Amino acid sequence: MTTTIEAEAPPYAAIAVQGVARSFGDVRAVDNATLTVPAGSVTALIGPNGCGKTTLMLMLAGLLRPDEGTISVAGHDPRTDAAAVRAAIGWMPDQLGSWDNLTCLQTLTLMGQAYRVNKADARARGEHLLGRVHLEEFAHRPARVLSRGQKQRLSLARALVHDPQVLLLDEPANGLDPRSRIELRDLVRELAGEGRAVLISSHVLAELDEMVDGAVFMSKGRTMGDEAAAMVAEARTKYRVDALDRDALIAALRSSSVPLEETDTGVILRIDGDDNAADALAWIVGKGVRVHRFGPVGSALEQTYMAMNEERR
Amino acid sequence: MSTDTTTASELRMDPSSSRPPARRGNPWAPSLHGVGLMTSIELRRRRPTTKGYIFYGILFALVAAICILAAVFTQADRSSANFELVLILVLGVGMLIAPSLSATSINGDSGEGVLAPLQMSHLTAGDIAFGKVIASWLVSVIALVALSPFLIYTYLSSGWHLGEVAMTIGAILFTVLAFTAVGLAWSSLAARAVASVSLAHLTTGVFLIGTLVAFAIGGALVTEDTGERDRYIDYEQLTPDAQAALEEAYTTGDYSTLDAADYPCVDSEWAYTVTHTDQIAWILLLNPAVMVIETAPIVDPETWEKDGRAAPGTFALLHQQISDARLGPVEGEATRWVYDECDDLFGSGAEAAEMTEEEMEAQWAADEAAAAEREQQLANLPRNPWPALGVLAVLFLGSMTIVVRRLRVPYKKLRSGTRVA
């Protein structure tokens, strides 16, 4: 049991961002971003195209200087200790770049050496990482033969060469096949399980739902703090109940004045927590209603995203 | 979950030893390890493709053909011309290839998305900048090595000393290095490769050709008109008799029968120019090719054979030309020999015209000696590669400063029209 306790790092904010803003000329790419990512957790960064996600990630990575606000990554301030910040971060950019005529293993070895790891260790680490992203068979083939999804995985491996405490993954699921997506999901969870803080941006919201511990929504360069969190929490309480006899279901619920939303095939209820859900299902079935479907309504992140987009219109 | 825990700690095990050392601040200075690693990354990933090897092969074949032809068509005598040709080819090839490579190095990498991951690593801006410039520059060193058989073969009959060869090759490589750095600076400033490559070659052109053009144009500014007065007999006012007598005298060479009063004289003024090239020779000395020539050994036009040299070759003759420009017009030459027909016929010149053969020979010998002395002076004028070397050093350091500043992250400003990654 002691090993388990040892493995659990005290949760502290590996990334803390307060009121960060950045403009390019007249364009205010990031207007006011505030977020924290605790160590050992996965946080999603969600927003429409051009809302400033990548710009925010670049500032976190220590590649871009914010105009305003404060950033702390792994306890370092990029303004004074930019090198320490960069060293603590594994960054997987949204733009895929690879050294086309170097092999995958050479790429990872050289990258490791660029982090001042000695060659033998860097090579061993590279081999290990290629296994982790399932590219072993390409270890000695040039990167130019890789498909888009494979390059994506190489890019992820490259972000891990120096064993970073913080991972910034910009659209890592882009171009991945369904199997690779599931593997990516498991890998990200594993990486968080090792105590790393992961900030991940993606458009595939259903995918994120199962991966993340928290979500930060961005719109027009602003992070939607508590308001969005409340919406997500609310969305998570929604349960869809479909019965063979829809009217009997509605009648049974109405008779006990349970608040509900009607749908074409049944109702949507708000239930807080798994225990309550089990009780609710038992109660409905006890009323003699033949329930054939009972579960959370789709993706909470997707619902929130769509709801926010509606607000904007 | 206990299995997960062991995997996690295992995973930590092997990388924990490979965890990079901690860093503080935001260093930019290059280090030996960083520059070396960056150079090797650049050399590996810019390894030419098959097409690239074909291109370099053709280039090498062309250069080799020129060298062989030159060797075939020159006499077996000791001559430095071929050696100097090979040196020029090395300079030319280096100036063409290395800046082209460096001028696509930064904006190209940035466009491909491979620059930012390197900037994230422990490599500093200085490491990346110097690694890149050295990698591009090494290509011209490789060109030099590829041409070394010709270099060595032609060196054997060139009469140059080994130390002089080292100095001139060093000057060539430094020139290439400076312009490679300029190419890299352009590639850090311009967003697109087309722009940076053309700007890089334009800069090279300004120094190689522009200085010559500027020297030529500048010549007009330091040229002054010097009036000169000639006198000759006014034929239009001559009586037919006098004219006939004069013609007679010209054929016989006996002028004593002519009466000076019959021959009115007219003055004629005309202008000729003197260009004080010594005032603008510094423009010429800024030219890197001139600088390379100025590092070549001095070959005395009189004593070369005794000195164990080949006859003055291309570089030596060009050195004389450059020296001529540096010294400017000869003082004595400014007061030209004035043509005075009247004086020749009737004045003091009449006696001079009756110089004895010995006197005339002495005169010619004196003229010849003066010309030889001038040539000696030009050939032996101390070489001056320093202005161009200074400019190249400033170009190199300035360019590298720009590159390092542009590569430092976090960026304050971005190249317009680009993204970070």
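Points to keep in mind about this one:
- For the range A:272-296, the set of residues classified as over 17 Å from A:A229 (Cα atoms) and under 25 Å from the mean Cα position of the chain (by Cα) consists of A:D274, A:G295, A:P296, listed by residue number.
- Applying the criterion of at least 2 residues that are over 30 Å from B:G131 (Cβ atoms) and free of Cβ contacts under 8 Å to residues at least 40 places away in the same chain to the helices (runs of 4 or more DSSP H) found wholly in the range B:174-286 leaves B:211-221, B:240-252.
- Residue in the range A:3-13 that is at the interface with chain B (Cβ under 7 Å from one of its Cβ atoms), of a type in the set (G, A, S), open to solvent by 40 Å² or more (accessible area, probe 1.4 Å) and closer than 24 Å to A:G214 by Cβ present: yes
- In the range A:300-312 there is no residue that is farther than 30 Å from A:N49 by Cα, open to solvent by less than 60 Å² (accessible area, probe 1.4 Å) and not assigned by TED's automatic domain parsing to the domain that holds A:P48.
- Qualifying residue in the range B:306-329 (condition: in a helix (DSSP H, G or I), touching an Asp or Glu at 6+ places or on another chain (Cβ under 6 Å) and under 25 Å from B:V93 (Cα atoms)): yes
- Residue identified as among the aliphatic types (A, V, I, L, M) and either assigned by TED's automatic domain parsing to the domain that holds A:V17 or open to solvent by less than 10 Å² (accessible area, probe 1.4 Å) (or both) among A:A206, A:A233: A:A206
- Selected residue (criterion: nearest to the chain's Cα centre (by Cα)) from residues of the range A:70-80 that are in a loop (DSSP other than H, G, I, E, B) and at the interface with another protein chain (Cβ under 10 Å from one of its Cβ atoms): A:P78
- Those residues of the range A:115-138 which are more than 18 Å from B:H33 (Cβ to Cβ) and outside any helix (DSSP H, G or I), in sequence order: A:V133, A:H134, A:L135
- Residues that are over 29 Å from B:L284 (Cα atoms) and open to solvent by 70 Å² or more (accessible area, probe 1.4 Å), drawn from the range B:211-242: B:R229, B:R231, B:Y232, B:Y235, B:E236, B:Q237, B:T239, B:P240, B:D241
- Residue pairs whose Cβ atoms lie under 9 Å apart, sitting 6 or more positions apart in sequence or on different chains, and linking a residue in the range B:61-74 that is assigned by TED's automatic domain parsing to the domain that holds B:G313 to a partner that is at pLDDT 80 or above and assigned to a helix (DSSP H, G or I), do not occur here.
- Flag if A:D186 is of a type outside the set (A, V, I, L, M), open to solvent by 30 Å² or more (accessible area, probe 1.4 Å), assigned by TED's automatic domain parsing to the domain that holds A:A44 and out of contact with any Ser or Thr (no Cβ under 7 Å at 6 or more places or on another chain): yes
- Search result, residues across the range A:32-69 that are assigned to a strand (DSSP E or B), open to solvent by 10 Å² or more (accessible area, probe 1.4 Å) and within 14 Å of chain B (Cβ to nearest Cβ): A:E68, A:G69
- Among residues of the range B:97-142 being part of a helix (DSSP H, G or I) and out of contact with any helix residue (DSSP H, G or I) (no Cβ under 8 Å at 6 or more places or on another chain), the one that is most open to solvent (accessible area, probe 1.4 Å) is B:I142.
The values are calculated or read from the model by the stated rules, or taken from the named source; none is laboratory data. Nothing here was measured: the structure is a model prediction, and the numbers come from that model. Cβ sites come from the backbone with ideal geometry, for glycine too, and all protein chains shown count toward neighbours. In case anyone asks, the SASA skips ligands and DNA or RNA and just uses the protein heavy atoms, side chains included. Shrake-Rupley method; radii C 1.70, N 1.55, O 1.52, S 1.80 Å.
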